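As structure tokens, the structure follows; a few thoughts come after it.
The values are calculated or read from the model by the stated rules, or taken from the named source; none is laboratory data. Predicted model only: the values in this text are computed from it and were never measured. No Cβ is skipped: glycine too gets one built from the backbone with ideal geometry, and neighbour counts run over all protein chains shown.
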Amino acid sequence: MLALFEHLSLEFLGEFDVSAPAETGRTREHEPPELMRRFLHCYCHDIYGIRPVERELRNTVVWLGSGFDSPPSRDAVDRFLTDLEHVVDDVFTRLVEQAARCGLLDLTYCIDSTDVRAMPADQDASKCYDPTADEYYHEYGCTIVSTGSKIPIAAEFTES
């Protein structure tokens, strides 16, 4: 999945209102395209949640490899995720359109339904029980349509 993003530009993230500097004039220390690349790194390594992502981004190899002068703070990670939440559908659409223009999609489609774990404090997630692990967890359902090369082209999250 990370190799895919070598072919796609994330510079368009700066076009969204949520990426603009704060009204107070405070500028961002880490630009949205670079933060998005780092989040994708985390997600591809099954690292989710503000604290785990922040810990991974403090890994010297990860933050130096991203071109950051310093690792992002927990507040920066939280702000980025909060901002991204408002435009995630548009971001996803733009990425799929870029992949199509680059010829990275083919005509074979797959539909996969899976669970996406959520934080216990998430009121919208469903509480579930895994008898094999003898544990309760919170989740959303996610249906993904992808091409034969497993590049997602559509996704829908639902209460599980």
Residues that are in a loop (DSSP other than H, G, I, E, B) and either of a type in the set (A, V, I, L, M, F, W, C) or at pLDDT 75 or above (or both), drawn from the range 1-35: MET1, HIS7, LEU8, SER9, LEU10, PHE16, ALA20, ALA22, HIS30, GLU31
Look through ARG101, ARG55 and report the one residue that is under 18 Å from GLU15 (Cβ atoms) and not β-branched (Val, Ile, Thr). ARG101
So CYS110 passes all but one of these: (1) assigned by TED's automatic domain parsing to the domain that holds GLU11; (2) closer than 24 Å to ILE151 by Cα. Which condition number does it fail? (1)
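Table: residues versus (1) among the hydrophobic types (A, V, I, L, M, F, W, C); (2) surrounded by 15 or more Cβ atoms within 10 Å (Cβ to Cβ); (3) at pLDDT 85 or above.
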position	(1), (2), (3)
GLU56	no, yes, yes
VAL62	yes, yes, no
ASP75	no, no, yes
LEU81	yes, yes, yes
HIS86	no, no, yes
PHE92	yes, no, yes
CYS102	yes, no, no
MET119	yes, no, no
ASP122	no, no, no
Residues that are touching a helix residue (DSSP H, G or I) at 6+ places or on another chain (Cβ under 9 Å), assigned by TED's automatic domain parsing to the domain that holds SER9 and of a type in the set (Lys, Arg): does the range 76-90 have at least one? no
